[in-house]
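The values are calculated or read from the model by the stated rules, or taken from the named source; none is laboratory data. On a predicted model such as this, the values are computed, not experimentally measured, just so you know. Neighbour counts are summed over all protein chains in view; Cβ atoms, including those assigned to glycine, are modelled from backbone coordinates with ideal geometry. For the accessible areas, the whole protein counts, side chains as well, though only heavy atoms, and no ligand, DNA or RNA atoms are used. Shrake-Rupley method; radii C 1.70, N 1.55, O 1.52, S 1.80 Å.
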Amino acid sequence: MNRFALADCTTIDAALSQLKDGAVVKAGGVDLLDRMKDGIEEPQRLVNIRNVAELRGIRETLQGLTVGPLTTLAEISEHPGIRAHYQILSDACGHAATPHIRNMATVGGNLLQRVQCWYYRSANFQCLRKGKDFCFAFEGLNQYHAIMEYTGCPSVAPSSAAVALLGLGASVELTSAKRGKRTVGIRELYVVPDANPTKFTVIEPDELLTAIVIPRPAPGTRSAYQKYGEKESFDWAIADAGVVLEMDGPICRRAVITMGAASPVVRRSPQAEAALAGKPVTEETARAAGRVSVEGAQPLSMNAYKLDLFPVAVYRTVLLAAGLRGRDPSAAG
Amino acid sequence: MSNRPTEDALLPQAAMPANSTVKMPVGVPGYTLHEETRQAPASEPPVWPINKDLQYVGHSAHRYDGPDKASGRARYTSDVQLPGMLYAKFVNAALPHAKVISVDTSAAEKYPGVRGVYVVEHVLGPAELRNPALDRGRYPVVRFAGQPIAAIAATTPAAAQEAATLVRIQYEKLPFVVDLDKARESNAPPVFPGPADEEGSAGGGGGPSDVHQTGNVHGPSVHRVRDTEQGFKEADVIVEGHYITQVQTHSALETHGVVADWKPGMLTVWASTQGTASVREELAGYFDLPMSQVRVITEFMGGGFGAKFGAGNPGVVAAALSKKTGAPVRLMLDRQEEHLSVGNRPSSDQTLRIGAKKDGTLTAIHLVSYGTAGCGTGAGCAGPATNLYQYASLHTEENDVFINAGPASAMRAPGHPQGAFALEQTIDDLAVKLNVEPIDLRDKIDNHPVRRVERQIVRESALWKSRSPVPGADQGPVKRGVGLAQSVWYRFVRTNCAAEVRVHRDGSLEVLSAVQDIGSGIKTVLAQILAEQFGVPPSQIAVKVGDTNYPVGPDSGGSVTTLSLTPAVRDAAWQAAQKFLADIAPALGVSPSDLVLVDGEVRSGSGKFQPISFRRAAAKMTASQITAQARRVPDYDPSKYLTYGGVDVAEVEVDTELGRVHVRRVLSVHDCGRPMNPEQTISQINGGIIQGISFTLFEDRLLDPKYGLMVNPDLDLYKIAGAREIPQIDVRLVEAYIGQSSTDASGIGEAAGVVSIGAAIGNAVYNATGVRVRRTPMTPAVVLAALRQGGTQA
Ligand SMILES: Cc1cc2nc3c(=O)[nH]c(=O)nc-3n(C[C@H](O)[C@H](O)[C@H](O)COP(=O)(O)OP(=O)(O)OC[C@H]3O[C@@H](n4cnc5c(N)ncnc54)[C@H](O)[C@@H]3O)c2cc1C
Ligand code: SF4
C-alpha cells in the first residue's frame, strides 16, 4: 500500500472542500483499503467522511425514506421501519458480507464499491477497467462472471444494496461544492463498462453521495431479497434476486424483479416482471418468472451453471416476498 | 514416509535394554479388551491400566495455554519484538517460468530505512534436478510465480515493502504450463530440463526418487501385489470410476515466518514451525554452524498442517539478512505468499477399478493416478487403496506431473483424502452393484479389529439408522442423504526424542522438551502425565517446550508427537519420582518402597506416618533439584504393523435445483490408542472434519491458464469454510489399547476425519440423489453438471 495524506472531516462542507487534487473519499474503508492493499489503486489523498454525523441515519417521511450514506449495513438491516415496509432492503443489507463487515460497511460505500473480478483485483492484470484494452475473463477463469448484458467487460455488479434499491425505485443525491446537488436513479448511478470502462459510476471526483431517497411503497407491497453464494459465510453472490410485488389481494398488480450477479450493472428483468403482472402469485407463476429472467443470456466458458441458478433465485424469492415460502436455507448467509 | 536426518531411519539403532515380561491391556473396552504379554525394557515404569482407572491421563483437561491464547498474552513468532529489529520483505517472481538474467538491487539499497538486501542463491522447496548442471545461470530458474528472488531488510515494514518494489529483475521468459492435462502432453513446455526429485519432510510429502521421468511426468511409481489380471478374471463384478480432486493450500491462520537473531557464537531463531529440531538442523547445515550454536524457539504456533518443517526460504533468508546487518530480522509471509510458495495439497486424477466376488471379496484393485505437486513431487495417493482393505491383488501406478506452480508439501495425511475420495466411493458403488449395504460390505473386506467395533457403533447410531436404503428417495428438490467412509493412518514412531523432568525443593515440578505445541495440545498432555505420576493436579506443573535448549523433541508430522514423546516423558517422570522418594525416605524414617504419591500427598503404605503434603515432603529433599531424563524406548512389539483409523458418517442435504451440498451432521467414530486427553482429541477430529468439508466443497487454488498466476490468493475468493459451513459434529472416541509403550498413546492428527469425510459426503450425496459426484470441490457448477449427466461423469 502506498503512503497517503488523510483529511479527517466532520462536516459535508469540509469534506467537499477537500475533494480536489485526486483525493478519494473513504467511508468505512472496507472496499477502498482492500484495493489499496492489493496495489490496484494508489490515491495520494484520502478524505475520511466516516465521522460526518449529518451523513448518517435513517429518516422516515411521508414520501418514504431518506438514508444517510454513512448508515451501516447493520443499522439498516436492524431498523424496524425498514424491516416492516422495505423488507428487500433489510434483507440485502442483513445478508451482505459478514456481521463484522456489516458493522463497518456503509450503504454509500456498498453502492459505490468496485467489481470483484479477480483480474481487476490483482495488480498483475491490467484490464479494460484499468484503462487498458484487454479483458482477461473471456479466455480465463470466468465462473463468477456475467451471463448477460455485457460486451467488453463481463464483471458482475457486486452491491447487494443496489439490487434492493433498484427494486424500490430509489435514487441518490449527489453533491458538489461547485455545482450543488443532483439526483440520479440507482440504475443511472452506474456507468456500463461499454460506455466508459474506467468510470464505474457517474459520481465526479468532487462529488459526494449525500443521501439515498426511497419512495414509500404502494399499499399492499411485499418484497424480499435473497443472495446465493457457493457458501454462506462471507461469500459473494453467484446469483441473487430482489423482488417487489404490489399485491391486490392474491393478484400481483405490478412486480419489480432485480438481479445483481448476472450482469456488469444491476438490472431489472422486464420479462420476469411481465410474467407476474396481473397474475396470482403461485409456485407456477413464480417459476415462470424465474425461467424468463435469464432470457437472452450468453454464458461464458465456465458459468453456464448460473442459467440454472438465477431462475431458482427468482422463483424462490418471489414466493418468499409473497409469504408463500420461508427464507431459503441455501441463502441464509 | 520420509528421509530427513532427524528421523529414525538414518540414525544408528540404539541397543535394546534388558527386557522383562509385562501384562498389558489390549483392545477396546466393552468390546474386545483383553490382556497380552509384552517384552518391555526392565527400566520401564509399571503398566498403566485403562483410562477409567487413571486419575488425570485419559480424562479431559482444558488446554494448558488456553487462557494465554484467548487473552492475547500468548507470544507467537510475529509478536516477538527485539531491540533494533528489522523487518524483511521478499521480492517474488511475477512470472511462472523464466531465467533470471539480472537482479539490480541498487535503488532498493539506497532507499531510506533499508539496512540489507539479500539475493536468494538457492530456492528450497521445489524438486531438485538429478543433474544440477542442467540449470546453468547465475540465479535460480523461476519455476513458479511467487518464487522468492531477493529480500529486503529495513527499519519499518513499510520501508521494506516500498524498497522491494525498487528491485529490478530482468527475465528471459520461458514457456510454461499450469494445467495438469496439458503438462502431460508430449509437447508440453518442460518445467525441468531433466529428471528432478523432491525430498520428503518430517510430515511426509515429497515423492519417490527412483522413478522414470518423461517430460513433466515423474513416474509411474508402481506397486504390485500378486496379479491383478488374474484378479479381474476371477471377479464376478467390476466397478470403475474416474475421480478428480483439486489443489488445496494449507491456509494456516499464522503464515510462515521467523525472527532471526544472528549474534557471534549463537544464532537464535523464533520460528513458526512444526519441528524446532528440523529448523535447527537446516540452519546449521546451510550456514555450516555447529548445532550447539543454533537455538530455535517456538513458544506458540498458529497452525502448520504439514507445511512447516525446516527453516525453508524464510528461515534461511532471515538468518542471512541478520548475519549481514548485525540486527535481528523478522520475516513473516503475507497471505498471498503463503498460498503461492510454501506448500499445498497436490491434486489428483485417479482411475480406479475394483473387481470382486459375489460375496464381496475383493479380487483386484487397480489404480492409476496423476497429480500435480507443482514444481515439487508428492502427489501419490495410493495409500488408502493399498492399506484399507483385504484384496487378492493390487496394482497401483502413481505419477507426479510437474507444472509451473508452487511446490506441494506434506499436508495433513498426505495423499489420503484424495485416495479415500476415490476408493471409498468406489467401494460404495461396489456395494450397490452387489446389492449389499455399504457397511456390511466393509465388514466383509476390512478385518481391522478396531474399525469393526467402530462400524458397530455406527450401525447402532440414530444417524445411520435414519439412512434411506433407496438413493434419491426424497420428494422435492431438496434431498437428504447419509453416507459413510473409512480412514486409515499409520503408526510412525520417533525414538529420537527425549524429555527432562525436574522436582524442586519447593514442591514445584517441571517438564522440558524441545517439542513444539502446534496447537494440538501436547503441552497439556505433558502436564497430565506428570500429574498422574506425582499425584498432583496438572495446574501445578510447569511445561517448558518449544526450545532446542531442552532435550530433543519429535518433529510434529505424521501424527507422531504424542505417541513418540509421551512415553519418554512418563519414563522421565517415573524415574524422577523414584529418585525423589529415595531421597526423602530417610528423613521420613521409611524405605522408599513404602511411599506412595497420591492426591497431592506423600503417604506411607504401611501407615508409619500421617500423610504429608507433596510440598512439605519436597522440603525434605537433600538437593535443591532432582532431575531425570529419558529417551523414547522403541515400541514393545515393533513387529506389529499398526494402523489406526475411523469411520465417518455425513448427513447432507442436496438442493438439486441449486447444486448446493449442505453438510448437516457428522458422526465421527475414531481410535487413537489410548486417548490421553479426550477433549483435545475430539478437538483434533473436529478440525479434521472441518478442513475436510472445506476441501470437499469449497477450496480451490485457481491458476489462470494463460498467465500462470493464481487469481484467488486471499481468504475471500479462495473459499474456505466459515462458521455457517460447520455442521453438528458428534465424535465418538474409541479407546483402543495396543500395548506398545508406557503410555500406549497413538496419533490422531491425520486420521482425524480429514481422510474420510470427503468420500462420506460423496456417498451421502449419492444416497440423497442417486448420482455420484466424482470431483472436488463440489461447487454448484460441479454438482449441477453431475446431476444433469445423471452422474455418468462429473
Ligand atoms: C468478505 C467480504 C464479503 C462481502 N460480501 C458482500 C456481499 O455479499 N454483498 C455486498 O453488497 N457487499 C459485500 N461486501 C462488500 C462490502 O459490503 C463493501 O466493501 C462495503 O459495503 C463498502 O462500504 P465502505 O463504507 O467500507 O466503503 P469504502 O471502502 O469506504 O468506499 C467504497 C467506495 O465508495 C466511495 N465512497 C464511499 N462513500 C462515499 C460517499 N458518500 N460519496 C462518494 N464516494 C463514496 C469510496 O471512495 C470508495 O471508492 C463484502 C466484502 C467483503 C470483504
Ligand atoms: S471482466 Fe471486466 S474487470 Fe474483469 S478483466 Fe475483464 S474487463 Fe477487467
Mean Cβ neighbour count within 10 Å, used as a protection proxy, ranking A:223-229, B:768-774 highest first: A:223-229, B:768-774
Anchor A:Lys178: lysines whose Cα lies under 19 Å away (excluding residues fewer than 8 positions away in-chain): A:Lys20
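Quick check: net charge around B:Asp197, other residues with Cβ under 11 Å of its Cβ, Lys/Arg +1 and Asp/Glu -1? Before the final figure, lay out the partial values.
Working: positive: B:Arg130; negative: B:Glu128, B:Glu198, B:Glu199, B:Asp210, B:Asp400.
Around B:Asp197, the charge tally is -4.
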Integer Hz, Karplus 6.51/-1.76/1.60 couplings in order for the range A:208-216, x for Gly and Pro: 10, 7, 10, 6, 10, 10, 10, x, 5
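Are there trypsin sites (Lys or Arg not before Pro) in the range A:135-207 that DSSP marks as loop and that have at most 15 other Cβ atoms within 10 Å, and which are they? Write out the running numbers ahead of the final one.
Working: sites: A:Lys178, A:Arg179, A:Lys181, A:Arg182, A:Arg187, A:Lys199; in loops: A:Lys178, A:Arg179, A:Lys199.
Loop-located and lightly packed - A:Lys178, A:Arg179, A:Lys199.
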Averaged over B:709-721, number of beta-carbon atoms from partner chains that fall within 10 Å: 5
Rounded to the nearest 20 debye, dipole of the range A:221-321 from Cβ charges on Lys, Arg, Asp, Glu: 180 debye
Accessible surface of A:Arg253 - all protein chains present, 1.4 Å probe, nearest 10 Å²: 120 Å²
Cα centroid separation - the range A:172-238 against the range A:88-146, whole Å: 14 Å
Net length gained if the chain between B:Arg168 and B:Arg665 were fully extended (0.36 nm per residue, minus Cα distance): 173.6 nm
Total formal charge among the other residues, if their Cβ is under 12 angstrom from that of B:Asp400, Lys/Arg +1 and Asp/Glu -1: -4
B:Arg664 accessible area, 1.4 Å probe, all protein chains in place, Å² to nearest 10: 100 Å²
For chain B: Kirkwood Rh in Å [reciprocal of mean 1/r, alpha carbons]: 27.7 Å
Volume per residue of the C-alpha convex hull in the range A:221-321, rounded to whole Å³: 90 Å³
Complex-versus-alone comparison for the range A:137-162, residues with a loss of 30 Å² or more in accessible area, probe 1.4 Å: A:Glu139, A:Leu141, A:Tyr144
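Using only the alpha carbon atoms of the protein assembly as shown, find the Kirkwood hydrodynamic radius as the inverse mean reciprocal pair distance, in angstroms to one decimal.
For the protein assembly as shown, the Kirkwood estimate is 32.0 Å.
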Cut-off 11 Å between beta-carbons: net charge of the residues surrounding B:Glu657, Lys and Arg +1, Asp and Glu -1: +1
Label-point separation in nm, B:Asp288 to B:Val598, each point 7 Å along Cα→Cβ: 6.2 nm
Chain B, relative contact order [Cα under 8 Å, separation at least 6], %: 16 percent
Choice from A:Gln271, A:Gln113, A:Gln44 with maximal GNM fluctuation in chain A (Cα, 10 Å cutoff): A:Gln44
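May I ask for the accessible area buried between chains A and B, both sides summed, probe 1.4 Å, to the nearest 100 Å²?
Details: alone 14330 and 29620 Å², together 40860 Å².
Chains A and B together bury approximately 3100 Å².
Over the range A:221-321, what is the relative contact order in whole percent, taking alpha-carbon pairs under 8 Å and six or more residues apart? The partial results should precede the final answer.
Working: 207 pairs, mean separation 28.0, N = 101.
Here the relative contact order equals 28 percent.
Would you mind getting me the FRET efficiency between B:Arg452 and A:Arg253? Use the beta-carbon distance for r and R0 = 60 Å, nearest 0.05.
On the way: r = 66 Å, r/R0 = 1.10.
E between B:Arg452 and A:Arg253, to the nearest 0.05, is 0.35.
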Surface per residue (accessible, 1.4 Å probe) for the protein assembly as shown, Å²: 36 Å²
Positive-pole candidate from B:Val368, A:Tyr305, B:Val782, dipole of the protein assembly as shown, charges at beta carbon: A:Tyr305
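Across peptide B:653-662, how many C-beta atoms of other chains are within 10 Å of each residue C-beta, on average?
Details: counts 2, 0, 5, 0, 9, 12, 6, 11, 0, 5.
If you average over the peptide's residues, the count of other-chain Cβ atoms is 5.
Determine the alpha carbon to alpha carbon distance for each of B:Lys99/B:Lys719; B:Lys433/B:Lys719; A:Lys26/A:Lys199; A:Lys231/B:Lys433 and list only those over 27 Å.
Correct reply: B:Lys99/B:Lys719; B:Lys433/B:Lys719; A:Lys231/B:Lys433.
Taking all protein chains as present, what is the carbon and sulfur share of the accessible area of the range A:221-321, in % to the nearest whole number, probe 1.4 Å? Let's see the in-between values first.
Details: 1710 of 3140 Å².
Solvent-exposed carbon and sulfur of the range A:221-321 make up 55 percent of the total.
Grab the Cα-Cα distance for B:Ala582 and B:Leu134, subtract it from 0.36 nm times how many residues apart they are, and report the gain in nm with one decimal.
Values: separation 448, 0.36 × 448 = 161.28 nm, distance 6.58 nm.
Once the chain is fully extended between B:Ala582 and B:Leu134, it gains 154.7 nm.
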For chain B, calculated [θ]222 nm from helices alone, where every DSSP H run of n ≥ 4 adds -39500 (n - 2.57): -7500 deg cm²/dmol
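Taking beta carbons within 10 Å but only from partner chains, what does the mean come to for residues A:119-126? It would help to have the intermediate numbers written out before the result.
Values: counts 4, 0, 5, 9, 1, 9, 4, 0.
Partner Cβ neighbours, averaged per residue: 4.
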Percent accessible area from carbon and sulfur atoms, the range B:433-475, protein chains only, probe 1.4 Å: 51 percent
Inter-probe distance in nm under a simple model that places probes 7 Å from Cα toward Cβ, at B:Ile50 and B:Thr21: 2.4 nm
The range B:269-336 and the range B:384-456: distance between their alpha carbon centers, rounded to Å: 37 Å
Listed residues B:Ala408, B:Ile354, A:Tyr86: farthest to the positive end of the dipole of the protein assembly as shown (Cβ charges): A:Tyr86
If the convex hull is drawn through the Cα atoms of the range A:4-105, its volume per residue in Å³: 112 Å³
Inter-centroid distance (Cα atoms) of the range B:131-200 relative to the range B:466-501, Å: 38 Å
Degrees separating the helix A:283-292 axis from the principal Cα axis of chain A, which is the longest one: 50 degrees
Most fluctuating residue given options A:His95, A:His85, A:His145, as computed from a GNM of chain A linking Cα atoms under 10 Å: A:His85
Modelled FRET efficiency - R0 25 Å, A:Lys20 with A:Thr66, Cβ distances, 0.05 increments: 0.35
Rounded accessible area of B:Ser639 (nearest 10 Å², 1.4 Å probe): 100 Å²
Computed [θ] at 222 nm, helices only, for chain A once each DSSP H run of length n ≥ 4 contributes -39500 (n - 2.57): -7500 deg cm²/dmol
